[in-house]
Amino acid sequence: MRKKRGLIVLAVCLVVLIGSYAVLSQLNKDEEEPDDTPSKIEISKLEIDDIVEIKLTNEDGEFVFKKVTDKASDDEEKETYKWICLKPGDLNLNQNHIDNIGRTFSSLAADLLVEEEAEDLSIYGLKTPQAVAEAKLKDGSTVTLRLGNKTASGESYYLMKDGDKSVYTVASFHGNRMIFTESDIRDKDLPKINLLAMDYLYMYRQGHDEEEIEVVPREISEDGVQYGLSIYDLVKPYKRARGIDNAKLTKDMAVLESGLKIKDYIEDDVEDLAKYGLEDPAMHLIIKDKENQLELFLGDAVDDETIYAKTGDSNTVFTLNKSDMEFMDIKTMDFIERFALIINIEHVDSVVAELEGKSYDLSIKRRTAKNEEGEEELIETFFLNGEEKPESPFRKAYQALISMMVDMHQENTVQGDPVLRISYKLNRGDQREELVELYPHDKDFYVLSHNGEKESEFLVGVNRVETLKGHLDKLEEAQLDEE
């Protein structure tokens, strides 16, 4: 028992000793390692809201920015402001960049005090500063900063403030703000387009046909026929309007939704557009949504990565990244709905397919009846050549008819007798019949004709007809008791 008590006493003493050592170690550490992190040296400290005007002078010229009430702001709870350019002219400014110049005045601290009462300013590039920035405040006072050379490390600039003879170094981003060029301070954002609310798209490319897309109303009128799945129609360059593959088009044009950005401004009020290839532009784009519109003309290439451009409402020439405009090279066949003819089955009473000497007459009889709840419901009965057929194989056969795709855009004159003839009888619309025919071309393709036209624009692969016949034969074999 005595031995056990002794062990407990020793354990308690050990804990006390460890705790004491920890406290003493910390005290010694505090004495031996004082916090010697240098505090920042304040050069300029003021309320950014007090700045009413900024004047910036550097190698690119003299700029004067004035803060005014932003009447277009949606914030009704407080008065908001924006910057306008008084000099060199009425430029569309990048508001963020001008705000950042203001932030340099409102909170500027030195990394290092280099020299007090400096006499030879030339060694710092401050005898003739590369930039001078002046902030005018609400009370009429001004704060002026003068920017010298970069330091040897390249990570900071030498700087002085009027009224203070000391030379400091400041973080490079402060200096970079003071040497902004006219191109830097201008807004480089072009209008963003909501592709899901697109109203209109026009694309022209030298060496290609014009392409024009217009919105098709989502709501089909009571007497209208629904052709295709798209909400858009391509009305050029083909004779007949064709639907658009929305997913494909919006994916390729996603850059317009995130917003195109100007790379550099080149020249304002250009009189000789030919020197940039913009008198006869290589490409022309117009796109609109419910709120915004963007019109661009694209000219000569500057280099492998850049191209000259201008908007439709200005003769200011700027550059864009070529990669951002790659969607202009999209092939028409890549984004159209390639159905030979697609019609909503609800708008069709019958369709007759004549192929290889056989006739497949698909028809639908519709009536209404009251269900168990006493509500009117539509009852559809499906027939092939007058014989009632199960719904599933009937719909699959109809799907095969309207899913037949064109494979190539090529102009041809129809010759010979049709290999396939599909005639639709509609229950609405001004035109109650539609006809699709395929004529011989070569061993791989047929020529597509619509409503008896003799001049065709598309070819259909022979394998598609073989697939269609397979579905029609399955419908012919189907029996009612199979469902």
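A few comments on the model shown:
- When the range 337-381 is filtered for residues that are over 17 Å from V460 (Cβ atoms) and small (G, A, S), the ones remaining, listed by number, are S350, G357, S359, S363, A369, G374.
- Here S20, S73 are screened, and the one residue that is surrounded by 11 or more Cβ atoms within 10 Å (Cβ to Cβ), among the polar types (S, T, N, Q), at pLDDT below 95 and more than 30 Å from E115 (Cα to Cα) is S73.
- Meets criteria (modelled with pLDDT of 95 or more and of a type in the set (D, E, K, R)) for K288: no
- Residue match in the range 458-465 (condition: part of a helix (DSSP H, G or I) and in contact (Cβ under 8 Å) with a residue 24 or more places away in the chain): yes
- Scanning the range 412-454 for residues that are assigned to a strand (DSSP E or B), among the charged types (D, E, K, R) and free of Cβ contacts under 8 Å to residues at least 60 places away in the same chain turns up E433, E437.
- Residue within the range 268-279 that is out of contact with any strand residue (DSSP E or B) (no Cβ under 8 Å at 6 or more places or on another chain) and closer than 22 Å to E337 by Cβ present: no
- Long-range neighbours under 6 Å by Cβ, at least six apart or interchain, first residue free of Cβ contacts under 8 Å to residues at least 60 places away in the same chain within the range 172-187, second crowded, with 21+ Cβ neighbours inside 10 Å and of a type in the set (A, V, I, L, M): G175/L147
- Only one of the listed residues (E373, E356) is without any contact (Cβ under 8 Å) to a residue 40 or more places away in the chain, under 30 Å from F394 (Cα atoms), surrounded by fewer than 17 Cβ atoms within 10 Å (Cβ to Cβ) and among the acidic types (D, E). That residue is E373.
- Candidate set: the range 108-132, residues that are among the polar types (S, T, N, Q) and exposed (fewer than 15 other Cβ atoms within 10 Å of the Cβ); chosen: the one nearest to A152 (Cα to Cα): S122
- Some residue of the range 183-199 being among the small types (G, A, S), surrounded by fewer than 18 Cβ atoms within 10 Å (Cβ to Cβ), at pLDDT below 95 and touching a strand residue (DSSP E or B) at 6+ places or on another chain (Cβ under 7 Å): yes
- Only listed residue being surrounded by 17 or more Cβ atoms within 10 Å (Cβ to Cβ), of a type outside the set (S, T, N, Q) and assigned by TED's automatic domain parsing to the domain that holds Y158, chosen from K78, K67, K87: K67
The values are calculated or read from the model by the stated rules, or taken from the named source; none is laboratory data. Remember, it's a predicted structure, so these values are computed and weren't measured experimentally. Note: ideal-geometry Cβ built from the backbone for every residue, glycine included; neighbour counts use all protein chains shown.
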